[in-house]
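I have placed the structure first, in the form of C-alpha cells, so that the comments after it can refer back to it.
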Amino acid sequence: MPADYERAVSFILAHGSGVELHALNELEGGDRYEVPSDSVVEQQLLDGQRPDGGWAPFWAADYSSLDATCYRLAQFERAWIPSWLPQTALEFLRSRQRPDGSWEEDESVRDLAPPWTKPGDLAARLYVTANCGWWLINGMAHGAQGYEDEAARAGAYRILSSILLLMALCLRSCKPIGSPPPCGFAWNGVSQICRNKPSAR
C-alpha cells in the first residue's frame, strides 16, 4: 500500500516537537506552517547538554554518550538551524577519540549500553567511529576548523579494522585445514581493499 503523505504530515503537526515541526516546515519550503522560531528550536536542541559538551543517552542519565551526542547533532542538521553543530559538541567528540583513531563508549557503561554501542565489541566500535568521524567531517564542511587529523585517523582505523573483521568472518566460515576455503571471494575482497585503500592523510 503506498504511503499516505498527508496523513504523515497531519500526525507530525498534531504530535511533533518544536524540532520536528521546524524540520517539516523547512522541507515544505520554510513558510507553510506556523512553527517555533529558530532560537526556540535551538534552545530545545541544546537542552540537556552536559558540561563536557555531550548529551546523556536514554540508557544512562548521568553519562555523556558519543552515540547520543551524534544523534543530537543529527537533529540540529535535520531542523535546518543556521547555527547548528555546536562547537562544544564537536570538541566533546574530539576529546573522546582513542589513540588508535577509533571511538568507543566508556568501559564503565558496558553493562548498560545497547548492542550497537557496547564497549568491547568491534562492530559497535566501528559504528561509533564511523558516526563520530562523520560528524567531525560534516562540521568542517560547515565551517568548523581543526578536525582534519581526527577525521583522517578515524578513516585509517575503519579501513584496517574492517579488513581484520572480514578476515575473521572468513576464517570462521572456512572448512577444516586441508579443505579448500569456501570464502575465496572474501580474501579477494581484502586484497582489493589493501591495494586501493586511500591514504589516511
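Please treat every number below as a calculation from the coordinates, not as lab data. No experiment lies behind these values; they were computed from the predicted model shown. Note that we place each Cβ from the backbone using ideal geometry, even for glycine, and neighbour counts take in every protein chain shown.
Taking amide H as placed 1.01 Å from N in the peptide plane, Ser65 has its amide H under 5 Å from the amide H of Trp55, Ala56, each at least 5 places away in sequence or on another chain. Ordering Trp59, Trp103 from the fewest to the most neighbouring beta carbons within 10 Å gives Trp59, Trp103.
The string of couplings for region 121-130 from the Karplus curve (6.51, -1.76, 1.60, θ = phi - 60°) is 9, 4, 4, 5, 5, 5, 4, 5, 5, 4 Hz, one whole number per residue in order, with x for Gly and Pro.
Trypsin sites (Lys or Arg not before Pro), restricted to region 34-140: which are DSSP loop and have at most 16 other Cβ atoms within 10 Å?
Those that pass, being in a loop and sparsely packed, are Arg110.
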